[in-house]
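Here is the structure we will look at, set down as structure tokens.
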Amino acid sequence: MVFLMETKTLFDALRHCAASSATVNDCTGVLPLMSRNFAPIFRGRGLMTLALALMMHGCFVGGTSDGEPKAFADALSKLESAKALLEKGEYLEAKTELEKLVNDEGDYSELAVALNFDPVAKDQARYMFVMANTLNQINDWLETLSTLLGIAQQFGALPQFAPGMTPQAWIGEVDARLEAAGGSGLVASTLDSFVKEFSDFFAGNATILAQVKQNPDFSITFQHLPIKFKALPFELMDMKGEHDLAEALFLDSVFLVADGVMQMILATDFSIDFGTTEAFTHIFNQVDELFATDNPPLVSILSNVAATVLASQNKLLGLADAEAMKTAGVQFATAMDDLSKALNFIITETDDQTDDVVALVEQDDRGFTIQLNIDFSATPIVNIDTLDEIQFNINDEVMDGVDNIAAAFAGDTAVRINWSRDLVPLISVLTTALVRSGFAQAVIQAVLELSGQDASAIEDLDSLLSSSLVNEDLISGVLRGVIPDVLEFDVGQYFKAPKGWLRDWLPFWTLPVTMAVTDTTNGKTVTEYVESWDDVRLLLEFECDDSLSPAGDTDPTNAPRNPETGAEDFLCDGPSEYRAIDMDHFTPEYFPQITTTEFRVEHSRSDGVDYTDNLREMADLAAQSSLTVEDIQPPTSTEFGLRADLVKSPLGMLAFRDPTLSGILYIRLVDTNDETKVYDLGSNVFFPATNRSLNALMQGLFQNITNLL
């Protein structure tokens, strides 16, 4: 009965729509009624098209009193003309025309609303608008970049930070030079405004594609779709062929990831307090020493400058906008879901795939292969003769990994992203496809040649890299050889309730010391108290035996020096005088500040988390799991710092404020008595990262890369 009543309502609406006095707006209410009542009946595209055609015959084709063409016919005509513009590479003109068909509430709403009566045509307009908008915007960005490069050339070197100059005066000098170089319009711009513009662009495109990806029947075929930029006198590539739901989902995932990255930047605090004159003066003096001295103490200077910046800027790189970070998590989750849906859509397609831009070319019990059909024949910077098809071999491992990543970002508390299980298969497939096809080598070669560099080495490698020797198994083997199955990432909990950010993940730093400076002039003694930044540094120590060096230096906070050049080194693997040893770390003997109240206050997060607790490593990790002490053999911690871990570490050791990276990082590392190993994979339990396990991970990564090379 309800269905019959709603059907009568529908036909009453159709009869009113067909009246000679009806307007387009009188007809727009018909589509929701038809969709709700007759979608189960009109399953076939042909029947739906016939039904829509009957509706449009009454509403749009019957003619008007003044003989003007109807809105629907105008909309279809404009759609075809916009497509022709896009196929000629006239992006701005195509965007302008398509905007009239996409925006239902704009100045041309009659055309846009009329096109709603053909869902496929409407989605074609949306998809083409996104393509035209993107390519036009990239051209605009490249022009802006070219302008900035020109300004940089005229600007020259930064002004000297003269003795007695304040940071504000130095910034004023920079602004004056920018204005003289023609960049006055950019002086007022901020990083936030640029990033916000990027974010709005990516999110806007994703919003439009969100409607397209709801239509499984979406499809549009281009005879020619050139990708070209004003900065290049040639066409880069041609993406002609059929674009369907798979391409729309892939494109949407790209915009979502890009917007997620922009949201993370917007969530980051980049504010700088230029009132800290002593700190800025010290930084500039250190930088001058770095470039003005032969064999400068590089490690010491970098540690001092980094610590000075962090200690003087108490908000820099912190979390400024938790909501933006939450939005980033939503965008990443949706992007991975799009990728999963795109792959599943491809393997279920039954139409002819020969003209698809992303096509299914093979499928068996082991998985399936998809191919990118992109034409590079018009591009002089790519040797088309050496370029093979770009093919991706997808198996169940890859599909499961994509689904796990999507679930983790969506906040599934039972899922953590596993490096070996989830990330390695996906990275291997992407890397193999780009290398085997020769595409990666072609891009590198083109960049080298355009910059005037010798690209012959890339040409010599191309035949080897493009051979069957390079495959997913080889790439995954290398990746797992460098980083075994020891990492997991709990991203869901972080993006749901972000606490802490980049600043909190960095190493500890010490604080400046207030010094009394006395000046006696004309019999008067004046005492000023100033902050000394000379000894500010990161908590960095080396396991180097320097006892045989000329200086007899055994302080672990000092970087090893090459006895021949005197230059500081980052490693304890130099001459025999600098052999690696095993020692305790981060004790008050060399960092007395770590026991002070000032240090505790400096290294506390705004919500009260005290990061100095991370210097008090837990002595018994067995309490966190079913493992026994004998299984993991944890060293006993000091009140502050780490006991020797039975491993001679060539890299410097760092004390991190939050080694868990706000609860994201889990590490499966087990202490071992074997001095030749940094870690042992004897446990199946992933623990939240600690300073001990994170340093062990970095040492193991360094050793594995060294062994590989």
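Determine whether V287 is under 31 Å from the mean Cα position of the chain (by Cα), farther than 22 Å from Y494 by Cα, modelled with pLDDT under 95 and surrounded by 18 or more Cβ atoms within 10 Å (Cβ to Cβ).
Values: under 31 Å from the mean Cα position of the chain (by Cα): yes; farther than 22 Å from Y494 by Cα: yes; modelled with pLDDT under 95: yes; surrounded by 18 or more Cβ atoms within 10 Å (Cβ to Cβ): no.
No.
Counting only residues that are outside any helix (DSSP H, G or I), modelled with pLDDT under 90 and not hydrophobic (A, V, I, L, M, F, W, C), which one in segment 81-140 is most open to solvent (accessible area, probe 1.4 Å)? Can you show your working first?
If we filter segment 81-140 for residues that are outside any helix (DSSP H, G or I), which is where we start, we get 88-90, 103-108, 116-118.
Pick out the ones that are also modelled with pLDDT under 90 and you get 103-108, 116-117.
This time we only want the ones that are not hydrophobic (A, V, I, L, M, F, W, C), so: 103-108, 116.
Working: N103: 74, D104: 58, E105: 170, G106: 22, D107: 153, Y108: 110, N116: 38 Å².
The residue in question is E105.
Restricting attention to segment 407-434, which residues are in contact with a helix residue (DSSP H, G or I) (Cβ under 7 Å, 6 or more places away or on another chain), farther than 20 Å from D485 by Cα and crowded, with 20+ Cβ neighbours inside 10 Å?
Selection gives F409, T432.
Return the only residue of A311, A359, A335, A320 being touching a Ser or Thr at 6+ places or on another chain (Cβ under 7 Å) and open to solvent by less than 40 Å² (accessible area, probe 1.4 Å).
Working: A311 fails: touching a Ser or Thr at 6+ places or on another chain (Cβ under 7 Å); A359 fails: touching a Ser or Thr at 6+ places or on another chain (Cβ under 7 Å); A320 fails: open to solvent by less than 40 Å² (accessible area, probe 1.4 Å).
Selected residue: A335, the only one of A311, A359, A335, A320 that is touching a Ser or Thr at 6+ places or on another chain (Cβ under 7 Å) and open to solvent by less than 40 Å² (accessible area, probe 1.4 Å).
How many residues does segment 93-121 hold that are without any contact (Cβ under 8 Å) to a residue 24 or more places away in the chain and not small (G, A, S)?
The total comes to 9.
Please tell me if F270 is within 28 Å of the chain's Cα centre (by Cα), of a type outside the set (V, I, T) and open to solvent by 60 Å² or more (accessible area, probe 1.4 Å). Spell out how you get there, then give the answer.
Details: within 28 Å of the chain's Cα centre (by Cα): yes; of a type outside the set (V, I, T): yes; open to solvent by 60 Å² or more (accessible area, probe 1.4 Å): yes.
Yes; evaluated as a whole, the condition is true for this residue.
Within segment 438-449, identify whether any single residue is modelled with pLDDT of 75 or more, open to solvent by 20 Å² or more (accessible area, probe 1.4 Å) and more than 18 Å from the chain's Cα centre (by Cα), and answer yes or no. Show your work before the answer.
Initial filter on segment 438-449 (modelled with pLDDT of 75 or more): none.
No, there is no match, as no residue in segment 438-449 is modelled with pLDDT of 75 or more, open to solvent by 20 Å² or more (accessible area, probe 1.4 Å) and more than 18 Å from the chain's Cα centre (by Cα).
Hey, among the residues in segment 338-356 that are closer than 29 Å to F229 by Cβ and charged (D, E, K, R), which one's most open to solvent (accessible area, probe 1.4 Å)?
Among those that are closer than 29 Å to F229 by Cβ and charged (D, E, K, R), it is D355.
The values are calculated or read from the model by the stated rules, or taken from the named source; none is laboratory data. Keep in mind it's a predicted model, so treat the numbers as computed, not measured. With ideal geometry, Cβ positions are generated from the backbone for all residues, glycine too; neighbour counts draw on all protein chains shown. Note: accessible area is taken over every heavy atom of the protein model, side chains too, but ligands, DNA and RNA are not part of it. Shrake-Rupley method; radii C 1.70, N 1.55, O 1.52, S 1.80 Å.
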